[in-house]
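Asker: Below: one structure in structure tokens.
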Amino acid sequence: GALNFDPMAGSLKGVGRYDAFYQHLQLIADNEDDMAYLQAKLPVYPGDFLYDPKYTKESFRGEPFSRPTAAIYDAAIALGLGACKATEGEVRPSTSFGGEGPPPGVGESGSSGPQSSFGREGGGISPPTPGSINSFDGPQHYQAVLNTTFVGASGEVKFDLNTGSRASKSSLYEITNIILEPIPGSRNITAREVLTHYYANGWVSTRLPTFNDGTQNLPADLPPLYVDNNYIGTGLRAAGLTMAALVLFLSIGFGLWTWLNRTKRIIRASQPVFLYVICLGTTLMGLAIIPISLDDKQISEEGLDVACASVPWLLFLGWCFSFSALFSKTQRVNMIFHNPSIRRLKIRPIDVAKPMIILLT
């Protein structure tokens, strides 16, 4: 079976003022005025014939309904008490929720017959005197709520001053065991949820969970998950970087040699501009090996993004530079061999630029 963790859904019986809250919550179903008031607040969607909003007496029966309702109720009370503090209003001692009476806003059940539970006949906060309330803004109200502590329907309510959320140790949690059981006479199965642990100022165990093998024996830990990230080996990376260094050294070296010997007849006949472009292209292709050799074992994801984006620019631009120059040189040789007049031909830089532009586009 699986385990399910629910915040603010712990076993609330006997916690704080939950029992009194639960009893008075049931009175709503017996009060026609309360039911009519709640029914009027439900949204209506005339176009959705499957939606039928309606409160019945059964809507208020059972703890699955009252547990989240208790948390919502305490949230409303916290806002109210915060407003009282923000205005420096007087608060009756019963608002500590520590007495024997119902929580604030919940009516007394001592009178005969069904009675309203919305506090029309009883209340927790004294109404302020007209004209004595000072105004307050949102931040003041927020700070007042953070400084509010009380015992409510869901237990002791405290707030975290840093996050503004309810303090984790004052919240309630539960762990339930979802057990799959076959339905007799059918091939289907049903899921049954059983409470195993709940948190109320400490974890309380109610029973041992049932695991997938049908027993309550804790299964052995799973072996550590092995993930093959397919990293490049150290040897392969060293070989690749060595080749990249060799390509860069030869490309820069040959380019420098061409520049130093640019006035010699054989270099002038080969036209240095072609040789420079070839050296530039091989340099860029050699540089492309460096980002290809990187992975997330060496650098961050941001660095990998930059390296990955640089590969096509270095590799394809270098290829275009080198092969456009070689294509122009080959074209020059063809023009010489197919020149019937055997006249001297000159290949201009623009003749290199044309195939380069075509390859780049």
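Asker: In whole Hz and in residue order, list the ³J(HN,Hα) couplings for the range 289-303 that follow from phi through the Karplus curve 6.51 cos²θ - 1.76 cosθ + 1.60, θ = phi - 60°; x for Gly and Pro.
Answerer: Once rounded to whole Hz, the list reads 5, 5, x, 5, 7, 8, 8, 6, 7, 9, 10, 6, 5, 4, x.
Asker: Beyond 19 Å, how much of the Cα-Cα pair distribution for the range 209-309 remains, as a whole percent?
Answerer: Here the long-distance tail beyond 19 Å is 65 percent of all Cα pairs in the range 209-309.
Asker: Full extension from S205 to T361: what is 0.36 nm times the residue separation minus their Cα-Cα distance, to one decimal in nm?
Answerer: 49.0 nm
Asker: Here's a follow-up. Can you pick out the pairs among K85/K169; K57/K169; K57/K85; K54/K158 whose Cα atoms lie more than 32 Å from each other?
Answerer: Flagged as over cut-off: K57/K169; K57/K85; K54/K158.
Asker: Between E32 and S135, what FRET efficiency comes out of the Förster formula 1/(1 + (r/R0)^6) with R0 = 45 Å and r the beta carbon distance, rounded to 0.05?
Answerer: Details: r = 38 Å, r/R0 = 0.85.
Computed FRET efficiency for S135 and E32: 0.75.
Asker: Hey, could you grab the Kirkwood Rh for the range 234-360? Inverse mean 1/r over distinct alpha carbon pairs, Å, one decimal.
Answerer: This gives a value of 16.5 Å.
Asker: Full-extension gain between A167 and R265, please, as 0.36 nm times their residue separation minus the C-alpha to C-alpha distance. Intermediate results must be reported in sequence, preceding the final value.
Answerer: Details: separation 98, 0.36 × 98 = 35.28 nm, distance 8.68 nm.
Additional length available on full extension: 26.6 nm.
Asker: So for F254, F159, fewest C-beta neighbours within 10 Å to most, what's the order?
Answerer: Numbers: F254 16, F159 19.
Exposure proxy ranking, most exposed first: F254, F159.
Asker: Nothing charged except the Cβ atoms of Lys and Arg (+1) and of Asp and Glu (-1): what's the magnitude of the dipole of the range 234-360 about its Cα centre? Round to the nearest 20 debye.
Answerer: With only Lys, Arg, Asp and Glu charged at Cβ, the dipole is about 1340 debye.
Asker: How would you rank V247, V333, going from fewest to most other Cβ atoms within 10 Å of each one's own Cβ?
Answerer: Listing V247, V333 from fewest to most nearby Cβ atoms yields V333, V247.
Asker: Which whole-number percent of Cα pairs in the range 164-266 have a distance greater than 16 Å?
Answerer: Beyond 16 Å sits 80 percent of the P(r) for the range 164-266.
Asker: In sequence order, what are the phi-derived ³J(HN,Hα) couplings for the range 273-282 according to the Karplus relation 6.51 cos²θ - 1.76 cosθ + 1.60 with θ = phi - 60°, rounded to whole Hz, with x for glycine and proline?
Answerer: 4, 5, 5, 4, 5, 5, 5, 5, x, 5
Asker: Highest mean first, how do 229-239, 189-199, 38-48 rank when packing is the count of other Cβ atoms within 10 Å averaged over residues?
Answerer: Highest to lowest by the protection proxy: 189-199, 229-239, 38-48.
Quick note: the coordinates plus some simple rules give every number you see, no bench work behind them. This structure is a prediction, so every number in the text was calculated from the model and none was measured. All Cβ positions, even for glycine, are placed from backbone atoms using ideal geometry, and neighbour counts span all protein chains on display.
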